[in-house]
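Structure first, commentary second.
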Amino acid sequence: MTEPRRLKKSESLEIRIPYPTKEAFMARCRADGRSASEALRAFIDQQLEAPAKPRVSRKGLRLLVGAAIAAAVGAAALPSLARPSVAAAQFERIDTNHDGVLSRAEYAAR
């Protein structure tokens with residue numbers, strides 16, 4: 001049984017980087033015991049295999065933080081909005097005919 005043929009590495013890719021960056025990269029490759037081509041091929045393979053991560057911009061992040069703060073403030077305020085105030089409860093008790101207006105008789109009867 002024969003092994004499948006390896007693909008030829010016949011394509012090239014040219015990139016432009018500052019000279020100090022190139023020198024630092026080449027030194028790192030030498031220290032790792034691999035060629036620059038091997039390092040770049042490994043990086044490209046890794047990028048092709050990894051799922052794309054959604055990126056959030058600064059503006060989007062600010063919007064998310066603002067929405068979270070608004071939700072927290074709303075959640076804190078909601079219980080107080082749901083409960084009638086003491087004054088409203090007293091008014092409801094005194095307004096015996098529930099017309100929303102206190103008559104002299106209702107006020108005097110309190």
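Evaluate the following for Ala39: is it assigned to a helix (DSSP H, G or I), under 24 Å from Ser12 (Cβ atoms) and touching a Lys or Arg at 6+ places or on another chain (Cβ under 9 Å)? When the stated conditions are applied, Ala39 passes them.
Search region 1-32 for residues being of a type in the set (Ser, Thr, Tyr) and within 39 Å of the chain's Cα centre (by Cα), and hand back the single one that is farthest from Phe43 (Cα to Cα). Lay out the reasoning, then the answer.
Start the filter on region 1-32 by keeping residues that are of a type in the set (Ser, Thr, Tyr), which leaves 2, 10, 12, 19, 21.
Now restrict to residues that are within 39 Å of the chain's Cα centre (by Cα): 12, 19, 21.
Working: Ser12: 15, Tyr19: 20, Thr21: 16 Å.
For region 1-32, the residue satisfying everything is Tyr19.
Go through region 1-50 and give me each residue that's exposed (fewer than 10 other Cβ atoms within 10 Å of the Cβ) and of a type in the set (Lys, Arg). Arg5, Arg6, Lys8, Lys9, Arg16 - these are the residues of region 1-50 that are exposed (fewer than 10 other Cβ atoms within 10 Å of the Cβ) and of a type in the set (Lys, Arg). Evaluate region 59-75: report whether one residue or more is part of a loop (DSSP other than H, G, I, E, B) and either within 28 Å of Ser12 (Cβ to Cβ) or within 20 Å of the chain's Cα centre (by Cα) (or both). No, every residue in region 59-75 fails to be part of a loop (DSSP other than H, G, I, E, B) and either within 28 Å of Ser12 (Cβ to Cβ) or within 20 Å of the chain's Cα centre (by Cα) (or both).
Read the figures in this text as sums done on the coordinates, not as results from a lab. This structure is a prediction, so every number in the text was calculated from the model and none was measured. Note that we place each Cβ from the backbone using ideal geometry, even for glycine, and neighbour counts take in every protein chain shown.
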